[in-house]
Each structure stands twice: as C-alpha cells, then as structure tokens.
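The values are calculated or read from the model by the stated rules, or taken from the named source; none is laboratory data. All values reported here derive from a predicted model rather than from experimental measurement. Counting neighbours? That spans all protein chains shown, and the Cβs are built from the backbone with ideal geometry, glycine included. All accessible areas refer to the heavy atoms of the entire protein, side chains included, with ligands and DNA or RNA removed. Shrake-Rupley method; radii C 1.70, N 1.55, O 1.52, S 1.80 Å.
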Amino acid sequence: MSTQTGLPPHWHASVWPEGWDFERDYYPDPELQQVGYVLLPRRFHMVVHWPELQDGRSEYGGSLIVGFEVVGEDLEVRELYGVDMDVEKWLGYFIKEFPPDRWKPFAVAEITAFLGGDEKRKEAATRASTSGKKGVDLRKRKRTDATRKEGRKRHRLTPQHLEEVAHVYLDAASQGEPPTMAVAEHFGVAHSTAAKWVGKARASGMLEPVSDSEKDRG
C-alpha cells in the first residue's frame, strides 16, 4: 500500500523543482509564486512509477513524468513525458488509475515537503537518478512554442468554440484515446479547463450524456 496519499496501492512518485541538480542536491534560491494558500516554484515535475513498469533495467523500471507550471494564479499541467515505457499501452491505464484531478493536490503536497525537508530530497534524488530527466514526449499532438503561447490565451465559449471541443472529444473517443485529455492537449489548457468545456458542450447538446466507459477513460 502506498504511503503517499492519493496514489494507487504500491505506486510511488517524487516531485522536484525545475533546475534542481539531484546529483549534488543543489537547488538555487527558488522563485516561489503564490497559488492559493501555498508558495510554489514556477515549474516542477512529478515522476510516477508503478509495479508493472519494472522490467529489470532499474530498481523502479519505467516512469511517467508530469510537468507542472504556475500560470497566473493557477497551477497547470503543461507536459507529459515517459521514460522506458510503452506510451500506447500505459497512458490510458495511468489516467484511469491515477485520475488527473488527483495530480495537482498530490504534487502540491509533495513539492511543499521537498522544499521543507531533506528526507524528500533524498528520496527524489534516488528516483531521479534511476529515471533520468529526459524522456519521450507522450503527446501525440506535439505543439510548437507558438502554439503553447496560443494555448494560454483566453478562449471565448462561443458556439464555434464548443463545436470544436465536441469534435476533438468525439474524434479522440472514437480512437480509444482519453477524450478530455485530448481536448486539453489540442487547446494547450489544463485538464480541469478542458473538462469544463466538455461539460458546456454537453449542456449545449453537442455531446451525448456521459457514459460509464467515458468516465473511465477521462
């Protein structure tokens, strides 16, 4: 059973700030930003491992890395990377077992502990040394820097916008991909924002009421 609140049993995860040198345990004075009641680094990473990924190449096997960034007064998921893992096989499983609505609370608790004590940094250093900081981009729809900036703009919830949301959602669902995550990736927004748009599209009659299978896919 995992001792980390929010993770499935036997899963493990570590969170560390961008710019941290885990080999020397060196982290320059962090530039912290207020998000709700906590102060967070502008960018940090969550590295997640689960038992099925153990393949003998390291103590922890493969891993999935979720990148967070403080944007305005909110914390958003900006990227997903995998190391030594079959993306097509594991991404849907990851989202089902560890839903995106748990990522932020978990990551905030872990990064706060990291900034406040040596024990979390030692634990993160062990996992970082086995996982590495590089990985394969999991997003099928790779975005350029210009597209990422565009994704940060405010989107007006016009009928045309909701129609595009519905189109992206249905296209992803038809291919067996997590549809709400596909909407988030398409527009370059947080999963929570995409979920709100999907709800608006349903309320407007552009999408059918959610089914149990869609709930599982996320």
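Worth a mention:
- Of the residues in the stretch 25-38, not one is modelled with pLDDT of 85 or more and within 19 Å of Thr126 (Cβ to Cβ).
- Complete set of residues in the stretch 82-109 that are surrounded by fewer than 19 Cβ atoms within 10 Å (Cβ to Cβ), within 20 Å of Gly6 (Cβ to Cβ) and of a type in the set (Lys, Arg): Lys96, Arg102
- For the stretch 177-218, taking the residues that are outside any helix (DSSP H, G or I) and under 28 Å from Val70 (Cβ atoms), the one that is modelled with the lowest pLDDT is identified as Gly218.
- Some residue of the stretch 2-10 being open to solvent by less than 80 Å² (accessible area, probe 1.4 Å), in a strand (DSSP E or B) and modelled with pLDDT of 75 or more: no
- Test for Glu79: is it open to solvent by 20 Å² or more (accessible area, probe 1.4 Å) and either at pLDDT 85 or above or part of a strand (DSSP E or B) (or both): yes
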